[in-house]
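Visitor: Here it is, the structure, as structure tokens.
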Amino acid sequence: MLERFKPKAGDSERVTVDSLHEVVTAIFEKMGVSRSDAEEAADVLTMTDLRGVETHGVSNMLRAYVDQYTSGQVNPNPKWEIERETPGTAVINADRGLGIILGRRAMDIAIEKAKTVGVGIVTMNNGGHLGAVGHFSMHAAKNDMVGMCATAAGTGVLPTFAAEPRFGTNPISIAAPGNEEAPLLFDAATSQIAGNKFSLARRVGSDLLPGWIADKEGTPILEETPVPEDGWYGSLLPVGGTRENGSHKGYGFMLMVEVLGAFLSGSVPGMFDTERFESGYKHYFAAYNIDAFTDVDQFKAKMDKMLQMLRETRPAAGHDRVLYPGLAEYEDEKDRRANGVPLHKEVMEWFDLMTGELGVPALERV
């Protein structure tokens with residue numbers, strides 16, 4: 001399914017990793033963001049594209065962030081602060097700061113707390129978009145911790161049996177380190193697909209698969225269908241699609257993210273303020289210190305054994321191999337570091353236009 005969202009070789013160009021990072025940093029600086037914050041944002045977006053997660057990389061999100069800074073929706077110089085704190089927890093008011101910039105700081109706080117008390121949990125209210133939540137879970141895993149991150153974001157997904165949207169795509173991620181194997185990284189929306197996959201599908205000319213969206217009456221569409229001309233948000237279904245296929249489980253996960261991200265940050269779900277989305281995005285970061293629970297080396301050795309067994313599991317007929325969450329992204333990163341990051345020609349046109357308007361360096365083609 002992932003391949004249906006990737007640009008075809010003839011429709012894309014590859015750019016160097018260093019150039020992509022440099023240009024993204026420069027664009028954020030032009031938005032009024034400090035150099036250090038701009039580099040942090042570029043780190044997140046570049047890594048996201050390296051790992052093949054085009055939905056949350058530069059292809060979709062950079063232009064969205066430029067629009068949000070230009071319109072004043074997000075704050076380029078937020079005075080974020082800790083509103084409430086215990087030895088193992090903290091609540092941050094992001095002052096409308098962009099989540100991809102403040103996310104690592106929140107996870108760093110969670111990591112330091114976990115070093116002291118075993119588990120650190122930080123929630124964030126009044127924030128901007130967090131990007132790929134798996135990036136922050138991976139940051140904890142690189143510090144010998146099990147990382148978890150989730151974000152409650154707006155409205156646009158239908159509860160099971162509903163004709164009105166009440167949730168965002170509310171993604172959840174968890175990451176855990178091994179030694180020899182690529183780290184485990186599960187990162188998924190609790191809706192049928194991530195919202196940004198609709199723009200990718202439109203860009204590459206792919207239809208939506210059965211059970212991804214509903215019609216205006218809330219009835220799941222159970223055949224392939226083009227991306228709606230009037231957009232998608234408001235018709236997307238929970239994981240499972242239909243009640244018979246388990247959409248109540250996706251619905252439950254969405255509720256879980258609202259409890260962890262919105263309520264535990266002292267905020268409210270997006271469904272409470274649909275007109276102006278005044279509460280912003282709400283985020284959840286958790287770090288579990290492996291050493292507080294078990295021997296770190298033994299944990300990693302067991303992780304390696306499990307991941308290897310999964311990777312070597314006999315595949316079903318018609319399939320080449322069994323993957324575990326994070327393996328394909330790890331392989332994409334190796335390839336793209338060596339051969340450049342592929343960007344759709346429409347994305348390249350946007351970059352050429354934007355770099356010219358802002359007077360920043362152009363992307364370097366491979």
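Visitor: I'd like to know if the stretch 260-276 contains one or more residues that are in contact (Cβ under 8 Å) with a residue 40 or more places away in the chain, among the β-branched types (V, I, T) and closer than 30 Å to L363 by Cα.
Guide: No - not one qualifying residue is present in the stretch 260-276.
Visitor: Of the numbered conditions (1) in a strand (DSSP E or B); (2) at pLDDT below 95, Y284 fails exactly one; give the number of that condition.
Guide: Against the list (1) in a strand (DSSP E or B); (2) at pLDDT below 95, Y284 comes up short only on (2).
Visitor: Regarding the stretch 54-74, can at least one residue be identified that is without any contact (Cβ under 8 Å) to a residue 60 or more places away in the chain and at positive phi?
Guide: Among the residues of the stretch 54-74, at least one is without any contact (Cβ under 8 Å) to a residue 60 or more places away in the chain and at positive phi, which makes the answer yes.
Visitor: Return yes or no: is T46 surrounded by fewer than 19 Cβ atoms within 10 Å (Cβ to Cβ) and out of contact with any strand residue (DSSP E or B) (no Cβ under 6 Å at 6 or more places or on another chain)?
Guide: no
Visitor: For the condition among the acidic types (D, E), farther than 24 Å from E112 by Cα and modelled with pLDDT of 95 or more, what is the one hit in E275, E229, E244?
Guide: The match here is E244.
Visitor: Would you check if M124 is under 18 Å from G266 (Cβ atoms) and in contact (Cβ under 8 Å) with a residue 24 or more places away in the chain?
Guide: Yes; evaluated as a whole, the condition is true for this residue.
Visitor: Determine the pairs where a residue that is of a type in the set (S, T, N, Q), located within the stretch 243-256, has a partner that is outside any loop (DSSP other than H, G, I, E, B) with Cβ atoms under 6 Å apart, the partner being 6 or more residues away or on another chain.
Guide: S247/P238
Visitor: Restricting attention to the stretch 75-91, report how many residues are in contact (Cβ under 8 Å) with a residue 60 or more places away in the chain and either among the hydroxyl-bearing types (S, T, Y) or closer than 19 Å to E40 by Cβ (or both).
Guide: 0
Visitor: Six or more apart or on different chains, Cβ under 7 Å: which pairs go from a residue in the stretch 23-45 that's among the charged types (D, E, K, R) to one that's not in a helix (DSSP H, G or I)? Could you list them?
Guide: K30/V360
Visitor: Let me ask something additional. What are the residues in the stretch 309-330 that are in contact (Cβ under 8 Å) with a residue 60 or more places away in the chain and among the acidic types (D, E), if any?
Guide: Within the stretch 309-330, just E329 meets the criteria.
Visitor: When only residues in the stretch 99-122 that are touching a Pro at 6+ places or on another chain (Cβ under 8 Å) and crowded, with 22+ Cβ neighbours inside 10 Å count, which is farthest from T46 (Cα to Cα)?
Guide: K113
Visitor: Give, as residue ranges, the strands (runs of 3 or more DSSP E) completely inside the stretch 143-254 that count at least 1 residues that are surrounded by fewer than 19 Cβ atoms within 10 Å (Cβ to Cβ), within 20 Å of the chain's Cα centre (by Cα) and not acidic (D, E).
Guide: 184-188
Visitor: Right, next: Only one of (1) over 22 Å from the mean Cα position of the chain (by Cα); (2) surrounded by fewer than 22 Cβ atoms within 10 Å (Cβ to Cβ); (3) farther than 25 Å from F198 by Cα fails for V268. Which number is that?
Guide: Result: V268 passes all but (1).
Visitor: Enumerate the pairs (first residue in the stretch 206-218 and under 9 Å from S235 (Cα atoms); second residue anywhere and part of a strand (DSSP E or B) and among the aliphatic types (A, V, I, L, M)) with beta-carbon separation below 9 Å, excluding pairs fewer than 6 apart on the same chain, so at least 6 apart or on different chains.
Guide: Within 9 Å, the pairs are W212/L236; I213/L236; A214/L236.
The values are calculated or read from the model by the stated rules, or taken from the named source; none is laboratory data. Just so you know, these numbers come straight off a predicted model, no measurement behind them. For neighbour counting, all protein chains shown are included, and Cβ atoms are generated from backbone atoms with ideal geometry for every residue, glycine included.
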